[in-house]
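Only one structure is covered here, and it is reproduced in the block below.
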Amino acid sequence: MLQDSAIYLAAVVSVLLSVAGFLHLLPKLGKVGGSIGAKLQHAPGLDVMVTIFTVLPWLVGAILYGWTGFFAGLVGQVVTLQIWCILHELAHRSVVKGPRILKVLNSRVGRFRNHLAVWITTLAVPVFWLARLTEWIVYPPLVLLVRFPSYNQKEWVNISRQKFEGLVGWDLIWCLYCDWMTGIWSLGTEMLRNVESFWCPIRFDSTKKCENCKIDFPDLENGWVPADGNIADVADRLAEKYTDDPAQTYAWFGHESRKPCDGGAGCCDSKGCGK
């Protein structure tokens, strides 16, 4: 079993480095490579790439070889990341010698503490991946069943920081990681906002919680029933906010982009926005 896991570890490193090499090769393949690369920079192509590099190695390892396979896949990912960072920095020596995020943060908190903190954040990768999976599986049926607003997910889940000049090695990995998870979290928060405002538009009794939550749930201030209200108030508010006319979209608590468009100021539809 250990021998099989060792072989699997080597296979993980080989496959991941090969995929990384393919991604680096795309810009050199002309229009075809550019087209493929563009599709892999946003959902759903980005979801496939992230899955390959993050959860697939240890997930497949666990299925094939149990816990030893799980850890073999995990170690394979870490080894691949280290090798790629070394090779990438060797290929960009002039940039490595210049100003870097890595250098500044290492000088502020120390190299060991900075790197350890980053590795600790990688424990959240499966959480973000599961959140992304939830966005694909759970939310779309709500669009069909109760007419939740749909989203062009590639406008939320995408990466672009690889185009920023001067990012190499660890700096690039960190920035792409943040780029990916920020989009997922923002989209998830937006979706959860719709769920809350649809089924539970009741302000929290805790003033502090209301203050903290209204940043991500602006409907809290723009229509949720007060905490000392009753269920009749909630029913009235829902009836007010959500028309039963299937030909119209929901008002969604005053969110400008979701109102049925009448051509007025701030009103947008497929023909453009009113002035």
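Averaging the sequence gap over all C-alpha pairs within less than 8 Å and six or more residues apart, then dividing by the number of residues, gives region 96-199 a relative contact order of 31 percent. Computed from the Cα positions only, the extents of region 1-91 along the three principal axes stand at 45, 32, 15 Å, in decreasing order. Arranged from fewest to most other beta-carbon atoms within 10 Å of their beta carbon, F217, F112 become F112, F217.
For region 96-199, the calculated P(r), taken from all Cα-Cα distances in 10 Å bins from zero up to the bin holding the longest distance, is 13, 36, 27, 16, 8, 1 percent.
Pick from W119, W58, W84 the residue whose mean-square fluctuation is largest in a GNM of the chain, springs joining Cα atoms under 10 Å. Highest fluctuation among the options: W119. Listing C85, C200, C178 from fewest to most neighbouring C-beta atoms within 10 Å gives C200, C178, C85. Label-to-label distance, L144 versus V78, with points set 7 angstrom from Cα along the beta-carbon direction: 4.3 nm.
Computed over the chain, relative contact order equals 13 percent, with contacts defined as Cα pairs under 8 Å that lie 6+ residues apart. The local environment of V118, defined by Cβ-Cβ distances under 12 Å, has a net charge of +1 under the rule Lys, Arg +1 and Asp, Glu -1. Roughly how tilted is helix 231-241, in degrees to the nearest 10 and between 0 and 90, from the longest Cα axis of the chain? Its long axis makes an angle of about 80 degrees. (1) 20.7; (2) 14.6; (3) 16.7: which one is mean projected area of the Cα convex hull in nm² as calculated from this entry? So the calculated entry is the one marked (1).
Of the GluC sites (Glu not before Pro) in region 129-205, the ones in a loop by DSSP (not H, G, I, E or B) with at most 13 other beta carbons within 10 Å are E165. Decide, for region 40-80, between rounded, prolate and oblate: order the square roots of the alpha carbon gyration tensor eigenvalues as a ≥ b ≥ c, take rounded if a/c falls under 1.5, and otherwise choose prolate if a/b is larger than b/c, else oblate. Oblate, because a/c is 1.5 or more while a/b does not exceed b/c. Taking every alpha-carbon pair under 8 Å whose residues sit at least 6 apart, region 144-244 reaches a relative contact order of 21 percent.
Note on I86/K163: beta-carbon distance plugged into 1/(1 + (r/R0)^6) with R0 of 25 Å gives a FRET efficiency of 0.65. Here the gap between L26 and W199, fully extended at 0.36 nm per residue and compared with their Cα-Cα distance, gives a gain of 57.7 nm. Decide, for region 126-174, between rounded, prolate and oblate: order the square roots of the alpha carbon gyration tensor eigenvalues as a ≥ b ≥ c, take rounded if a/c falls under 1.5, and otherwise choose prolate if a/b is larger than b/c, else oblate. Oblate shape, in that a/c is at least 1.5 and b/c is the bigger or equal ratio.
Throughout, read-outs are computed from the coordinates displayed, never taken from laboratory work. No experiment lies behind these values; they were computed from the predicted model shown. Ideal geometry is used to build each Cβ from the backbone, glycine not excepted, and the neighbour counts take in all protein chains shown.
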